1. Does L284 meet the test of being over 22 Å from the mean Cα position of the chain (by Cα) and part of a loop (DSSP other than H, G, I, E, B)?
2. Quick one: is K313 modelled with pLDDT of 95 or more, assigned to a loop (DSSP other than H, G, I, E, B) and either of a type in the set (D, E, K, R) or outside the structural domain of A178 (by TED's automatic domain parsing) (or both)?
3. How do the pairs read when you match residues in segment 111-140 that are at positive phi with residues anywhere that are buried (at least 21 other Cβ atoms within 10 Å of the Cβ) and of a type in the set (S, T, Y), using Cβ under 6 Å and keeping only pairs 6 or more apart or on different chains?
4. Which numbered condition in (1) assigned to a loop (DSSP other than H, G, I, E, B); (2) in contact with a strand residue (DSSP E or B) (Cβ under 9 Å, 6 or more places away or on another chain) is the only one that T109 fails?
5. Please determine, by comparing only the residues of segment 287-307 that are of a type outside the set (A, V, I, L, M), closer than 28 Å to R260 by Cβ and assigned to a strand (DSSP E or B), which one is farthest from the chain's Cα centre (by Cα).
6. Return the total of residues in segment 145-175 being of a type in the set (S, T, N, Q) and either in a loop (DSSP other than H, G, I, E, B) or not assigned by TED's automatic domain parsing to the domain that holds Y294 (or both).
7. Can T226 be described as exposed (fewer than 13 other Cβ atoms within 10 Å of the Cβ), of a type in the set (S, T, N, Q) and outside the structural domain of A178 (by TED's automatic domain parsing)?
8. Got a sec? Which of E216, E258, E243 is among the acidic types (D, E), without any contact (Cβ under 8 Å) to a residue 40 or more places away in the chain, outside any helix (DSSP H, G or I) and not assigned by TED's automatic domain parsing to the domain that holds A108?
Amino acid sequence: MVDVLLQYGLFLAKSVTIVVALGILIATILSLTHKAKHEDKLEVKNLNEKFRHMALAMKGSIFSKKEFKKELKAEKLRRKEEKKKTSSTVDGQKKRVFVINFHGDIKATAVASLREEITAILAIATPEDEVLLRLENAGGLVHEHGLAASQLQRIRARGIALTIAVDKVAASGGYMMACVGNRVVAAPFAVLGSIGVLAQLPNFNRLLKQKGIDFELIKAGELKRTLTLFGENTDQDRARFKEQIEDTHSLFKDFVAENRPGLDINQVANGDHWFGKRALELKLVDELQTSDDYLLLASKEADLYEINYSAGKTISEKLASVIGQSADRLFFSWWQRNREQRFFT
């Protein structure tokens with residue numbers, strides 16, 4: 001009996017401990033969730049310094065102590081010469097390259113940061129400067145990516161050179177953004193193009209009928225709704241939906257043609273996509289080069305600044321953002337595997 005009571009007491013103590021711990025955890029999460037947002041933050045990183053530190057780190061590991069000391073003295077002299085050249089110019093500064101990054105998802109959520117980064121750059125940039133966008137975007141919703149492309153047009157409208165660098169993918173809505181650049185550079189096996197429009201949805205109407213479930217759709221305006229998930233779709237609905245898709249495709253083609261007038265739009269606007277080398281032949285890009293090489297070479301003649309804007313979020317917003325981005329990555333991973341499975345090496 002004593003043993004049973006002892007076991008019961010231990011079980012009760014463990015249970016109470018777990019419940020209390022869970023209560024504290026939930027209370028902590030709720031309190032953090034309701035706290036005010038962290039402040040918005042604009043970060044500016046000097047990439048010239050980054051490259052210098054990387055080079056010195058390599059030399060420090062490879063050179064002998066004597067050689068490294070000699071190299072440090074030479075580096076100091078080079079820095080002094082650079083300062084003299086800069087101070088001797090009319091405005092006292094070299095050309096500046098502002099670097100921004102865009103990692104796309106279906107909703108182009110990164111446009112929230114992009115618009116702030118571009119606004120910050122335009123506050124100080126001059127026509128002598130340049131903006132480099134490192135773009136990775138497989139496309140998504142038309143209106144979201146259209147806004148992202150419009151943000152990039154703000155740079156060109158101010159007479160500032162815009163270079164787009166594609167290391168992995170700029171397809172569909174991603175290419176809508178890429179084509180805005182004065183110059184587009186891409187890695188040899190980056191995926192570009194997909195100038196087309198896709199819309200697909202399942203229809204459960206027959207299944208509902210089998211189960212004896214009615215679905216009512218009431219609309220005011222003949223074209224307020226065309227294809228539906230649960231209603232019975234008609235040939236008229238399908239025809240109207242096809243018209244909308246074709247019109248969107250036409251607008252997409254016109255946009256690309258306006259921004260890249262040397263492109264044979266009828267040849268490339270069939271929804272297909274190409275690797276960098278083929279994209280160069282089709283004039284979808286201007287040069288084969290990675291963003292890493294582009295920046296390393298540019299650092300010899302210009303001051304490079306990487307701009308990153310992060311909006312303040314509560315923990316719940318961050319959690320929702322992570323879940324959403326994970327879902328998008330999962331979808332695009334599946335989509336790319338199914339669409340490009342014949343391109344494995």
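1. no
2. no
3. Going by the 6 Å Cβ cut-off, the qualifying pairs are G139/S172.
4. (2)
5. In this case the residue turns out to be E287.
6. Adding up the residues that qualify gives 1.
7. So T226 does not fit the description; no.
8. Just one listed residue meets the conditions, E216.
The values are calculated or read from the model by the stated rules, or taken from the named source; none is laboratory data. These numbers were taken from a predicted model, which means no experiment stands behind them. Note that each Cβ is placed from the backbone with ideal geometry, even for glycine, and that neighbours are counted across all protein chains shown.
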